[in-house]
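Q: Please read through the structure below; I'll follow up with questions.
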Amino acid sequence: MRTDPQGPVVPSASVVVPTHRGGHRLPVLLQALEAQDHDGPWELIIVLDGVLDDTPQLLARWADRLPLQVITLPTPSGVVTALNTGYAAATGDVVLRCDDDITPRPDWLRRHLVHHASGEDIGVVSATRDVLDDTPYARAYGRPANERALDAAYARGGADTWISWAACNSVRRTSFERIGGFDPRFVYGQDSELGWRLYSTGTRIVVDPAVEVLHRGPTTTAAVRASRAWISGASMRVAHRTHPCLLY
């Protein structure tokens, strides 16, 4: 927490949530954010990437329960634009990114801020544990793949932790501004690319099991997994052209 020279208290943290057609996903997240045990001032910035459902009406019902600011993009512009818009509006010293299908524990915000309390240039990753129905896909691939991903995230050393930068994390606002935000050339893979730029310019990145979160919107079929793998491969080619030394 800090105080503006003219008096108002500036929040210690800004939580940025990009959402597109998220009216059915947001209530669980909003309930989890309302339950946070952090006792200092913070702000919640939700960026509507176009209005295509009843999300504005839903958020209006939460306006007196959360420190909520809603930014509405007139037309869908993609997650990179939504994220850059939300981060630009943030006033907290620390900015946390949280997708609309994430469920954090009550101590999530407080534990992230503990990492940043020293003022160190640090980024903190909340790894995501997928919530999957008991289906053949989940048993054969979804759950084992997620367990392998979590094991890998927690086992990586300092030079590779940026690979885990994804749907839920925190960083000092000055560090984010230093690297210029999310790269609009990326329609997929923009998260790990941002993590690479943070790491390569001096931000220490940690993956803390204590801030692990639930992910309620994972891939649920092999067909969707295959299509996302193709998009992921295309994004990796863009990443390698942008950063020839990048290996992941």
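Q: Once you keep just the Cα pairs under 8 angstrom separated by 6 or more residues, what percentage relative contact order results for region 70-187?
A: 45
Q: Any idea what the dipole of the chain comes to, in debye rounded to 20, about its Cα centre with Lys/Arg Cβ at +1 and Asp/Glu Cβ at -1?
A: The calculation lands at about 640 debye.
Q: Report for the chain the percent antiparallel among DSSP-assigned beta bridges with both residues inside it, nearest 5.
A: Just about 35 percent of them are antiparallel.
Q: Could you compute how much accessible surface His20 exposes when probed at 1.4 Å, giving the result in Å² to the nearest 10?
A: That residue has around 70 Å² of solvent-accessible surface.
Q: So how much slack lies between Ala149 and Asp134, counting 0.36 nm per residue of separation and subtracting their Cα-Cα distance, in nm?
A: Full extension from Ala149 to Asp134 adds 3.5 nm.
Q: Have a look at Gly157, Ala127, Ala63 and report the one farthest towards the positive end of the charge dipole of region 39-171, computed about the Cα centre with Cβ charges (Lys/Arg +1, Asp/Glu -1).
A: Comparing the listed Cα positions along the dipole, Gly157 ranks first.
Q: Which ³J(HN,Hα) values, rounded to whole Hz and listed in residue order, are derived for region 112-120 from phi using the Karplus coefficients 6.51, -1.76 and 1.60 in 6.51 cos²θ - 1.76 cosθ + 1.60 with θ = phi - 60°, glycine and proline given as x?
A: 4, 5, 4, 4, 8, 4, 6, x, 5
Q: Further question on the same structure: So, with a 1.4 angstrom probe, what is the percent of accessible area on the chain that is carbon and sulfur?
A: Reported share for carbon and sulfur atoms: 56 percent.
Q: Next question. Taking the solvent-accessible surface of protein heavy atoms with a 1.4 Å probe, what is the per residue accessible area of the chain in Å²?
A: Dividing the accessible area of the chain by its residue count gives 47 Å².
Q: Using a Gaussian network model of the chain with C-alpha springs under 10 Å, which one of Ala145, Ala167, Ala153 is most mobile by mean-square fluctuation?
A: Ala145
Q: Please state the shape class of region 101-172: rounded when a/c is under 1.5, otherwise prolate if a/b exceeds b/c and oblate if not, all from the C-alpha gyration tensor.
A: oblate
The values are calculated or read from the model by the stated rules, or taken from the named source; none is laboratory data. Remember, it's a predicted structure, so these values are computed and weren't measured experimentally. For neighbour counting, all protein chains shown are included, and Cβ atoms are generated from backbone atoms with ideal geometry for every residue, glycine included. Areas reflect the complete protein model, heavy atoms only, side chains present, ligands, DNA and RNA absent. Shrake-Rupley method; radii C 1.70, N 1.55, O 1.52, S 1.80 Å.
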